[in-house]
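What follows is a single structure, written as structure tokens, with notes after it.
The values are calculated or read from the model by the stated rules, or taken from the named source; none is laboratory data. Keep in mind that this is a model prediction, so the values were computed, not measured. Note that we place each Cβ from the backbone using ideal geometry, even for glycine, and neighbour counts take in every protein chain shown. Ligands, DNA and RNA are stripped out before the accessible areas are found, and what is left, the full protein with its side chains, is counted by its heavy atoms. Shrake-Rupley method; radii C 1.70, N 1.55, O 1.52, S 1.80 Å.
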Amino acid sequence: MNDLYTVSEDVGIAAAGAEAGARVVRALYGRRLARVDKGGGDFATAADLEAERAILDTLRAARPDDAVLGEEGGQQGAADAARQWLVDPLCGTLNYAAGTLVVAVNVVLLDGDSGGGAAAVADPFGEEVFLTDGRSAWVRREGTDAPLEPSSATRLVDVNLDPPFPSAPGFRAVDLLAHPGFGERFRPRVVSSTLAVAWVAAGKRAAYVTDGGDLSGSVHFAAGIALCRAAGCVVTDLDGAPLGPAARGLVVAADAETHGLLIGMIGGRERRPRPSWPTASNPLSGAGSNDG
């Protein structure tokens, strides 16, 4: 990492970028917005595009030499740059277009030298920003910061039911929901936005489960994963293994007991390559997850 940059400054930049995107998302809510078809039923709205521009303007002004990967604009700068920002300007596009106020703005720095960890997830309508420097995690409300405290007390588990389903039939989210043990211990929720990943760190969800490949470098998931790790959550793939090139999907739990119960219900499955899902090497593919 450049010696002139500090992690605390990077967190401030991540927060500023996420807040800039959130302001656009709020301002354009309820308007008739042009759509850009991405294929496979996925699309972006003018709010996605304008929010990403606002985030990129913030990042370029503060860190002009850093690379950026935006969900809508793609790669800017070297893909293997030591410092790269991942930007998901509106996670939950289908929610937003349908008038459902459950969306997230995700900004995270991947720093190849130090491991980075600066990340921000903004809730535009809850007006909260979840932040991490890679060591601790906190939430900012009305200018006041408070530590994030994971808890399984709600018993609510958010399960991503959005296609594609790369692990079927070995793993299907609907089968997890139908498991008799699931109903005995948990209550399902389907938010269809990676805002729910941040909610695990905040104690609003006991866990989050999604299918996929290696999601640690995905524009959709990387910020939430960074938050949860820093908050002390248990973060693995569907097999209970660490995230990495061979990983499939994501299980984030508030504590070890909740994680163990869910992994037991999911059961061990043979891993299969999933090239069509977002991975660290291809973080934009399969972008329909969580409604964009």
For the chain, the percent of accessible surface on carbon and sulfur atoms (probe 1.4 angstrom, ligands and nucleic acids excluded) is 51
About its Cα centre, the range 176-215 carries a charge dipole, from +1 on Lys and Arg Cβ atoms and -1 on Asp and Glu Cβ atoms, whose size in debye to the nearest 20 is 260
Whole percent per 10 Å bin, from 0 to the bin with the longest distance: what is P(r) over all C-alpha pairs of the chain? 7, 32, 38, 20, 3, 0
Using a Gaussian network model of the chain with C-alpha springs under 10 Å, which one of Ser193, Ser152, Ser218 is most mobile by mean-square fluctuation? Ser152
For the range 219-242 versus the range 55-115, the gap between their alpha-carbon centres in whole angstrom: 18
Only Lys, Arg (+1) and Asp, Glu (-1) charged, at Cβ; the range 42-125 dipole about Cα centre in debye: 140
Tell me the net charge near Ala153. Cut-off is 13 Å between Cβ atoms, Ala153 excluded, with +1 for each Lys or Arg and -1 for each Asp or Glu. +2
Excluding ligands, DNA and RNA, what is the solvent-accessible area per residue of the range 131-240 at a probe of 1.4 Å, expressed in Å²? 37
Output needed: Cys residues of the chain lacking any neighbouring Cys C-beta below 4.7 Å, sorted by number. Cys91
What is the projected area of the convex hull of the Cα atoms of the range 1-50, averaged over all directions, in nm²? 5.2
With everything on Cα atoms, drop me the angle between helix 256-266 and the longest principal axis of the chain, reported from 0 to 90° to the nearest 10. 70
With +1 on each Lys and Arg Cβ and -1 on each Asp and Glu Cβ, how big is the dipole of the chain about its Cα centre, in debye rounded to the nearest 20? 780
Where is the GNM fluctuation largest for the chain (alpha-carbon springs, 10 angstrom cutoff): Ala98, Ala119, Ala246? Ala98
Which loop trypsin sites (Lys or Arg not before Pro) in the range 6-107, with loop taken from DSSP, have no more than 12 other Cβ atoms within 10 angstrom of their Cβ? Arg31, Arg32
Scoring only Lys, Arg, Asp and Glu (+1, +1, -1, -1) among other residues with Cβ under 9 Å from the Cβ of Gly73 yields -2
What does the C-alpha gyration tensor say about the overall shape of the range 34-85? Classify as rounded when a/c is under 1.5, otherwise prolate if a/b is larger than b/c, or oblate. oblate
Any idea what angle helix 46-62 forms with the longest principal axis of the chain, computed on alpha-carbon atoms, 0 to 90 degrees, nearest 10? 60
Between Val190, Val174, Val219, which gets the highest mean-square fluctuation from a Gaussian network model of the chain, Cα cutoff 10 Å? Val174
By how many degrees, between 0 and 90 and to the nearest 10, does the Cα long axis of helix 222-231 differ from the longest principal axis of the chain? 70
